[in-house]
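Worksheet for the structure shown next.
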Amino acid sequence: MSGDDDSSGWQLTESDPGVFTELLKTLNVPLVVDDLYSLDSASLASLQPLRALIFLFKWLPGAGEPSSTGGQYDTDFPGFFAHQVVNNACATLAVLNALGNIPSLSSGQQLADLISFTTGMDPQTRGMAITSADWLREAHNALSPPSAISLDGLDLPKTSEDAYHFVVYLPVLGAVYELDGLKPSPIRHGSYENHGEGWIKTAREVIETRIATYPPGALEFSLLALHDDTFPALQAQLAQAEASGDHATAAGLAQHVANETAKRERWAFENSLRRHNYVGMIHALASALAKAGRLDPAIDGARTKMKERIEARKAKGGSGMDED
């Protein structure tokens with residue numbers, strides 16, 4: 001679960017494919033993550049082989065129990081499963097719970113050593129070992145740096161924010177499992193057929209059932225696909241098509257390569273923004289506004305806009321926000 005408590009040293013993680021892919025790159029794992037807006041066959045065709053689904057949802061007490069989705073706890077789960085023992089680590093923990101159950105997956109030495117070291121541990125102890133790894137916490141926090149602006153000591157009223165949580169769905173030994181670090185054991189959602197859509201069909205039904213437990217129209221969800229990085233193979237196919245003079249095939253592949261390159265360049269740019277420290281810019285901007293006599297009007301304008309937002313939210317039936 002992710003909340004506003006960062007006392008554990010683990011920072012909030014954004015549900016963004018570029019963030020997850022950068023984490024996988026740091027772990028030297030040849031997988032990438034992409035947004036999913038649908039689980040239909042056409043949307044999944046370009047993502048094969050699909051290794052796991054990462055599901056982000058608004059956490060509610062008691063939500064996601066096996067009885068609500070037709071699953072059952074598997075206390076004899078033979079694979080890799082770790083509990084979440086600190087706040088804000090659920091994104092990275094979901095990724096590790098997936099990676100630890102993918103057979104013959106290549107990875108960096110640190111990750112391989114960590115998985116090997118925790119073999120045979122119970123989920124609670126394994127979770128403690130994982131979240132105690134300084135190098136992993138640093139990799140997790142790399143794209144979610146702590147805020148450089150502290151409000152401590154201002155005696156501001158405490159506000160509660162919605163908590164969100166990551167879980168992972170994936171096939172393990174012929175069955176679909178839901179691995180949720182806040183649950184006592186993995187949840188088994190039944191076996192699947194190896195032909196047709198395979199495990200995806202079962203996972204889709206479970207996720208749709210899970211979403212149906214929320215109020216109609218709820219949009220507090222995000223779905224990400226963890227899959228093999230096919231970009232190197234795509235580049236090789238393009239080079240082969242060009243060398244053989246197959247211009248029609250090369251044209252289609254070139255467009256695919258261009259789209260993938262543009263996406264990854266966007267990820268790299270967005271991640272650079274996440275890493276940047278904006279305190280200096282904010283200070284320079286505030287100083288310039290003050291010197292020009294425009295700081296107080298800007299503050300008044302911001303307060304006015306905030307009041308308008310609060311009133312608009314109240315009019316829609318939402319909870320109010322504190323104003324200062």
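Observations
- Which listed pairs, of 58/307; 291/314; 183/307; 183/263; 263/307; 263/314, have C-alpha distances above 29 Å, in listed order: 291/314; 183/307; 183/263; 263/307; 263/314
- The chain, relative contact order in percent, only Cα pairs under 8 angstrom and at least six apart counted: 27
- By average C-beta atoms within 10 angstrom, highest first, the peptides 45-58, 13-26: 13-26, 45-58
- Using the average count of surrounding beta-carbon atoms within 10 Å as a protection proxy, the listed peptides 134-142, 243-251 rank, highest first, as 134-142, 243-251.
- Overall, segment 241-304 carries a charge dipole of about 440 debye about its Cα centre when +1 sits on the Cβ of Lys and Arg and -1 on the Cβ of Asp and Glu, all other atoms neutral.
- Check: the chain dipole with +1 on Lys, Arg Cβ and -1 on Asp, Glu Cβ, in debye: 460
- With all protein chains kept in place, the per residue accessible area of segment 174-324 amounts to 63 square angstrom at a probe of 1.4 angstrom.
- Long-range HN-HN contacts of residue 182 with modeled amide H, under 5 Å: 84
- Carbon and sulfur %, accessible surface of the chain computed with the full protein complex present, 1.4 Å: 54
- Tilt relative to the chain, helix 279-291 - C-alpha long axis, 0 to 90 degrees, to 10: 30
- Residue (of 288, 244, 42) at the positive-pole extreme of the chain, dipole from beta-carbon charges: 288
- Checking [x] 1.22; [y] 1.02; [z] 1.15 against Cα Rg over 2.2 N^0.38 Å calculated from these atoms, the matching label is [z].
The values are calculated or read from the model by the stated rules, or taken from the named source; none is laboratory data. The model shown is predicted, which means the values in this text are computed figures rather than measured ones. Backbone-built Cβ (ideal geometry, glycine too); neighbour counts: all protein chains shown. All accessible areas refer to the heavy atoms of the entire protein, side chains included, with ligands and DNA or RNA removed. Shrake-Rupley method; radii C 1.70, N 1.55, O 1.52, S 1.80 Å.
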